[in-house]
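Accompanying notes for the structure given below.
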Amino acid sequence: MIRLTIPHIDNHDVDQVENVLRSGYLVQGIYVEKFEKLVKEFVDVSHAVATSNCTASLQVALMSIGVESGDIIIVPAYSWISTANVIELCGAKPFFVDIDPKTFNICIDKLEIALKYLKNTSGKVKAIIPVHTFGLMANMHEIISLAKKYELYVIEDAACAIGASIEEKHAGTWGDAGCFSFHPRKIITTGEGGMIVTNQNDIDLQSRILRNHGQYFEKGIVDFVRPGFNFRMTDFQGALGCSQMEKLDSLLEHRIASAFIYNELFGDFGDLVETPYVPCEYKHVYQSYVVKIKNIESNNILDIISSIKKKGVEVGVGTINMPMTSYYRKKYNYSYQDFPNTAMVSQKTIALPVFCGISESQQREIVKCVVQCVEGNA
Ligand SMILES: *Cc1c(COP(=O)(O)O)cnc(C)c1O
């Protein structure tokens with residue numbers, strides 16, 4: 001079986017983790033601090049706050065900007081479910097916006113329509129969470145300008161996008177805060193892990209307080225200034241993060257190189273398969289390499305996925321049509337027609353294996369399987 005993804009863990013990673021395990025200092029300490037410094041320097045931002053995972057980072061980021069019960073937060077309909085869940089968990093309401101099928105990211109025209117509509121309703125729109133789906137950034141120029149116009153915060157869900165950029169400005173640094181994930185399916189991993197980055201002192205301070213029980217030190221005295229979580233990262237994860245950061249540039253290069261190989265291999269099959277679109281000046285980091293199958297009957301995608309798997313290639317769906325999951329569909333009464341592009345994309349997309357170390361011959365094999373299965377089903 002060619003795996004969908006394999007985290008890149010080498011001896012250096014293992015040694016770094018082992019050193020911390022043997023040191024006797026296991027929870028958030030000097031390695032977490034060092035990992036924060038490395039990420040902050042890499043993306044070029046003034047603060048970074050490590051947490052136990054990116055879902056925790058997103059929730060802390062929302063609470064740091066004061067999201068509370070009754071607020072409305074705008075999110076794209078197509079993302080991993082935690083992008084919407086964190087909003088509900090703050091007592092706020094997600095307002096889903098359909099995506100642009102070309103980029104898989106929030107559709108700017110529909111975002112603008114939503115903002116105009118919401119201006120005349122009673123709820124208070126507080127923030128937008130753009131998602132940089134599969135490692136391609138959302139159109140941040142437009143999102144930031146709309147956020148300014150409507151006086152909204154922007155929290156970037158950059159879970160898949162460490163290293164991605166627009167005009168060389170990194171994902172996570174465009175909005176008020178950005179959140180990265182270090183889950184094994186992401187670009188670098190600490191097992192579970194997340195990080196909030198921001199240029200704002202107050203978001204940094206509130207995030208530090210919220211991840212650690214609401215604790216705040218003043219003049220050496222401990223106090224608890226608001227109810228907080230225990231969302232700390234362990235120090236051995238921090239050490240793994242530091243070790244992973246050393247190879248981030250090369251991991252990114254490998255991913256991008258494998259994506260180019262796929263693009264080339266699919267070149268002859270343009271009538272069957274559509275390869276990822278990358279706008280000019282955008283750096284896509286291919287956390288997932290996701291293709292669209294053309295001319296497919298609806299509901300066939302799962303059949304195609306299982307027939308590719310039977311040939312020994314682990315493939316998966318892109319991501320989730322969030323408003324169509326049972327919780328959101330029942331609570332807010334959505335139907336497929338409300339988010340037609342998300343519905344269409346969900347029926348057509350397949351994520352193919354990408355990881356550091358995938359060989360060109362494996363990629364040839366994968367493309368062959370995909371083409372055979374698509375032709376068989378078409
Ligand atoms: C993976 C992912 C998350 C959640 O990250 P965890 O670290 O697993 O909590 C959130 N949003 C998106 C878009 C993701 O892909």
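Data for the structure
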{"quantity": "Computed log₁₀ I(q)/I(0) - Debye formula, equal Cα scatterers, no solvent, region 126-198, q 0.13, 0.20 Å⁻¹", "calculated": "-0.34, -0.75"}
{"quantity": "Euclidean distance between Cα centres, region 1-74 to region 331-378, Å", "calculated": "29 Å"}
{"quantity": "Surface accessible to a 1.4 Å probe, H183 within the full protein complex, Å²", "calculated": "70 Å²"}
{"quantity": "Nearest-10 value in Å² for the accessible area of F217, using the 1.4 Å probe", "calculated": "120 Å²"}
{"quantity": "Surface share of carbon and sulfur [accessible, 1.4 angstrom probe, percent] for region 257-374", "calculated": "48 percent"}
{"quantity": "Prolate/oblate/rounded call for region 1-53, Cα gyration tensor, a/c under 1.5 rounded", "calculated": "oblate"}
{"quantity": "Diffusion coefficient, µm² s⁻¹, Stokes-Einstein with Kirkwood Rh over alpha-carbon pairs of region 44-192 at 37 °C and 0.692 mPa s", "calculated": "216 µm²/s"}
{"quantity": "Shape category assigned to the chain from the gyration tensor of Cα positions, a/c cut at 1.5", "calculated": "oblate"}
{"quantity": "Percent carbon-and-sulfur accessible area, region 134-244, ignoring ligands, DNA and RNA, probe 1.4 Å", "calculated": "50 percent"}
{"quantity": "Nearest-10 value in Å² for the accessible area of S145, using the 1.4 Å probe", "calculated": "60 Å²"}
{"quantity": "Whole-Hz ³J(HN,Hα) from phi, Karplus 6.51 cos²θ - 1.76 cosθ + 1.60, for region 122-133, glycine and proline x", "calculated": "7, x, 9, 7, 10, 7, 10, 10, x, 10, 9, 4"}
{"quantity": "Against the rule of thumb 2.2 N^0.38 Å, how large the Cα Rg of region 225-283 comes out", "calculated": "1.88"}
{"quantity": "Convex hull volume per residue for region 115-258, taking Cα atoms only, in Å³", "calculated": "150 Å³"}
{"quantity": "Probe 1.4 Å, all protein chains present, accessible-area order of I166, I81, largest first", "calculated": "I81, I166"}
{"quantity": "Probe 1.4 Å, protein heavy atoms only - accessible area per residue of the chain in square angstrom", "calculated": "44 Å²"}
{"quantity": "Protein-only accessible surface order, largest first, of T103, T349 at 1.4 Å", "calculated": "T103, T349"}
{"quantity": "Value of relative contact order over region 264-360, rounded to a whole percent, pairs C-alpha under 8 Å and six or more apart", "calculated": "35 percent"}
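The values are calculated or read from the model by the stated rules, or taken from the named source; none is laboratory data. Model, not experiment: these values are computed from the prediction. SASA here: full protein model, heavy atoms, side chains in, ligands and nucleic acids out. Shrake-Rupley method; radii C 1.70, N 1.55, O 1.52, S 1.80 Å.
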